[in-house]
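Trainee: To start, I am sharing the structure in question, which I have written as structure tokens.
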Amino acid sequence: MCGIVGYIGRQDNPRLGLEALKRLEYRGYDSAGGAWFDLGKRKVSVLKAVGKIKRLEDKFPDYKISGRPFIFHTRWATHGGVTEKNAHPHWDCQKNVFLVHNGIIENFKDLKENLIKEGHRFVSETDTEVLAHLVEKFFQGRLEEAVRKALSLVRGTYALAIIAAKDPEKLVLARNSAPLLIGLGQDEFFGASDPSAVLAHTKKVVYLDDGDMAVLTPANFYIQDFKKNRVDKVIHEIDWTLQEAQKGGYPHFMLKEIMEQPESLANALRGRLITEQGLAKLGGLELVEDKLRQVERLNIIACGTAYLAGMVGEYMLEEYAGIPTETDLASEFRYRKPILDKKTASIFISQSGETLDTLVALREVKRKGGLSLAIVNVVGSSVTRETSAGIYNHAGPEIGVASTKAFTSQLALLALLTLFLGRQRQMSFVMGQRLAREISKLPALAAETLKKTSKQAKKLAKKYHKFNNFLYMGRKYNYPIALEGALKLKEISYIHAEGYGAGEMKHGPLALIDKNFPTFAICPTDSVYEKTFSNMQEIKARKGKIIAVATEGDKEIKSVADDVIYIPRTLEMLTPILAVMPLQLFAYHCSVLRGHDPDYPRSLAKSVTVE
Ligand code: F6R
């Protein structure tokens, strides 16, 4: 989730772009850069730095630089390591076209190959640089014409801000599935990823939609679609504070991140499913593909919520890929005597990629010569640097301490991995197609789940937030979701909550149940539905209140549950991804209603870099 700033107008001070960029630093920062058309030298100058924006600021010269238009970027790496060369802006062979990009160009390998054959020289490992050379290829004096032609060949997502030394009175913006807006100032225009970048200058913004291209000059601007049809837009008046703008208008990052899940799931899946062939394409595993064919046993190793994602993965991988799998807490694994052989691969899951226990467990596997894979959100983090191979979540930065969108995106990647490994083994073509089809529906199903359960989760929180104890139960795929629901509630609302496999109730926890100890039962219509249902009846018989998470259309559940939250129907192995969303929302609202800050729970840190 990179941040973009562009400017054209009366002011000729690129530091203005730097200031605007600082407001976007919350979107992720592993490096930053800017480019401006130097009015004295009549060419574009560039500055880049690895690390926080402050590093870029330190590189600015003491004397006044005078330039416009300008573009700035804060990077959250996807393709290519965290280096100055890979930081944006990127440019073409002639140093004419300069651009910044948020998104992923899916067909960049093919485009790059062709451009290299045509004589273009590349300096970075990024997908973005391809765009600069493509625009160069079509440039004949009018920047917007070249951008239009270039983008007609591109498959992927982008928010782009582009300038050209040979057409310096223009800033061109283009959008497909990545946020971008125009800020309308006094004789000046901004391009930005979100309003926080422009709030210091203007409250008037125009949001671009997918397929829009905006051409801005110092005097005015117009928006067209890629077929040159003019597009008229509404001007929005933003009355958010800077903090509200960074949270996308939501009161907390956690709620924003919960609501972002359709997008983060789409980002996790983008370009990774070949539905017609029933295959998953995981670029990060290409190098070890043959080794993975020989694997006969898997270990999944992680902490906290990531560990619970791993537990769901264990069910997926055993049932569909037929590989014996064991999930372990990293903090336990490192002190056990793990038996690793050449046929065992270890999968490390971590949002931050910096969790010390996970990292130390990874080092132990490497020391023993084991094959390691990683599922990590933060590009360039320690786990990604040390693993043999890996898959990135592309979920964007998760700022709320409680993991939400990273968790569902970990589950989506485990489903992809199951398909990938399953098809290397006995999984049939037809089953592969079925899985791929169902997985591809996840972003839409997540949107439907959030739409249908948001209000109800808030209502239920109002009804139940004063209870001091909760039990969460589920079976099979949704046993880890019971644990995750309980973990979310305790960590941000400080309510005592226990998660159990529903079959365990009569082995102990049933003794706790009375009218003051409500139970969340995760009970979608799946292979263990009847079992969970009878566990619910046992609770009912003890006057325990029940909130059920069930599949749409299940009327029977109402005979036993006091409240029912319905989620859309999907394949059994994918139900956890939808079932967890109302539980995240419930925990969030309980936290707020009890007067806590869900983004920063007491005693907890986002990244646990100590043992
Ligand atoms: C809970 C939570 C933690 C993390 C755990 C691992 O909401 O966020 O339990 O899941 O600390 O962190 P990562 O995934 O960064 O290794």
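Trainee: Name, by its number, the condition in (1) in a helix (DSSP H, G or I); (2) open to solvent by less than 30 Å² (accessible area, probe 1.4 Å) that does not hold for E318.
Mentor: Single failed check for E318: (2).
Trainee: Another question, then. So which residues in region 1-24 are farther than 15 Å from V100 by Cβ and open to solvent by 20 Å² or more (accessible area, probe 1.4 Å)?
Mentor: R10, Q11, D12, N13, R15, L16, E19, K22, R23, listed by residue number.
Trainee: Name every residue in region 353-375 that is assigned to a loop (DSSP other than H, G, I, E, B) and within 10 Å of the ligand (Cβ to nearest atom), in order of residue number.
Mentor: G353, E354, T355
Trainee: Looking only at region 322-349, count how many residues are more than 13 Å from the ligand (Cβ to nearest atom), open to solvent by 10 Å² or more (accessible area, probe 1.4 Å) and in a helix (DSSP H, G or I).
Mentor: So the count comes out to 1.
Trainee: Sort out which residues of region 256-277 are within 27 Å of K488 (Cβ to Cβ), open to solvent by 20 Å² or more (accessible area, probe 1.4 Å) and in a helix (DSSP H, G or I), and write them in order of number.
Mentor: Answer for region 256-277, where residues must be within 27 Å of K488 (Cβ to Cβ), open to solvent by 20 Å² or more (accessible area, probe 1.4 Å) and in a helix (DSSP H, G or I): K256, M259, P262, E263, A266, N267.
Trainee: Need the failing condition index for A159 against (1) under 30 Å from A268 (Cα atoms); (2) surrounded by fewer than 24 Cβ atoms within 10 Å (Cβ to Cβ), just the number.
Mentor: The one condition A159 does not meet is (2).
Trainee: For region 247-302, name all the residues that are under 13 Å from the mean Cα position of the chain (by Cα) and away from the ligand (no atom under 16 Å from the Cβ).
Mentor: Those that are under 13 Å from the mean Cα position of the chain (by Cα) and away from the ligand (no atom under 16 Å from the Cβ): M259, P262, E263, L265, A266, N267, L269, R270.
Trainee: Residues R55, R121: which one is more than 27 Å from V215 (Cβ to Cβ), touching a Cys at 6+ places or on another chain (Cβ under 7 Å) and surrounded by fewer than 19 Cβ atoms within 10 Å (Cβ to Cβ)?
Mentor: It is R121.
For every residue, the table says whether it meets (1) under 21 Å from G156 (Cβ atoms); (2) in a loop (DSSP other than H, G, I, E, B); (3) β-branched (V, I, T).
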| residue | (1), (2), (3) |
| --- | --- |
| P61 | no, yes, no |
| H73 | yes, no, no |
| A77 | yes, yes, no |
| G80 | yes, yes, no |
| D110 | yes, no, no |
| N114 | yes, no, no |
| F122 | yes, yes, no |
| E125 | yes, yes, no |
| A132 | yes, no, no |
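Trainee: Here is a follow-up. In region 24-52, which residues are modelled with pLDDT of 90 or more, within 31 Å of the chain's Cα centre (by Cα) and not small (G, A, S)?
Mentor: Scanning region 24-52 gives W36, V46, L47, K48, V50.
Trainee: Only one residue in A200, A192 is within 27 Å of S45 (Cβ to Cβ) and open to solvent by less than 20 Å² (accessible area, probe 1.4 Å), so which one is that?
Mentor: Only one candidate passes the filter, namely A192.
Trainee: Pairs only if they're at least six apart or on different chains, beta carbon under 8 angstrom, first in region 570-587 and on the phi < 0 side of the Ramachandran plot and in contact (Cβ under 8 Å) with a residue 12 or more places away in the chain, second open to solvent by 10 Å² or more (accessible area, probe 1.4 Å) and of a type in the set (S, T, N, Q); list them, first residue then second.
Mentor: Close Cβ pairs satisfying both conditions: E572/S527; I577/T570; L578/T570; P582/Q456; L585/S454.
Trainee: Related question: What do you reckon, is K490 open to solvent by 60 Å² or more (accessible area, probe 1.4 Å) and within 16 Å of the ligand (Cβ to nearest atom)?
Mentor: In short, yes.
Residue-wise test of (1) part of a loop (DSSP other than H, G, I, E, B); (2) at pLDDT below 95; (3) open to solvent by less than 10 Å² (accessible area, probe 1.4 Å).
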position	(1), (2), (3)
D554	yes, no, no
I557	no, no, yes
T570	yes, no, no
L578	no, no, yes
D597	yes, yes, no
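Trainee: Oh, and also: Show me the helices (runs of 4 or more DSSP H) entirely contained within region 376-450 in which 3 or more residues are within 16 Å of the ligand (Cβ to nearest atom) and open to solvent by 10 Å² or more (accessible area, probe 1.4 Å).
Mentor: 382-386
Trainee: What residue, among those in region 555-611 that are of a type in the set (G, A, S) and within 16 Å of the ligand (Cβ to nearest atom), is nearest to the chain's Cα centre (by Cα)?
Mentor: Checking each candidate, the answer is S607.
Trainee: If you check Q351 against the conditions, is it touching a helix residue (DSSP H, G or I) at 6+ places or on another chain (Cβ under 7 Å) and under 30 Å from N107 (Cβ atoms)?
Mentor: Yes; evaluated as a whole, the condition is true for this residue.
Trainee: To continue, here is another question. Within region 472-484, is even one residue more than 28 Å from the chain's Cα centre (by Cα) and more than 13 Å from V549 (Cβ to Cβ)?
Mentor: No, region 472-484 contains no residue that is more than 28 Å from the chain's Cα centre (by Cα) and more than 13 Å from V549 (Cβ to Cβ).
Trainee: Taking interchain pairs and intrachain pairs at least six residues apart, which have beta carbon atoms under 6 angstrom, with the first residue in region 461-489 and over 22 Å from K540 (Cβ atoms) and the second modelled with pLDDT of 95 or more and in a strand (DSSP E or B)?
Mentor: What qualifies is L483/G499.
Trainee: Of all residues in region 162-174, which are out of contact with any Pro (no Cβ under 7 Å at 6 or more places or on another chain) and buried (at least 24 other Cβ atoms within 10 Å of the Cβ)?
Mentor: Hits for region 162-174 are I162, A164, V172, L173, A174.
The values are calculated or read from the model by the stated rules, or taken from the named source; none is laboratory data. All figures in this text were calculated on a predicted structure; none of them were measured in a lab. Every residue, glycine as well, gets a Cβ built from its backbone with ideal geometry; the counts of neighbours run over all protein chains shown. Keep in mind that these areas ignore ligands, DNA and RNA; they rest on the heavy atoms of the full protein, side chains included. Shrake-Rupley method; radii C 1.70, N 1.55, O 1.52, S 1.80 Å.
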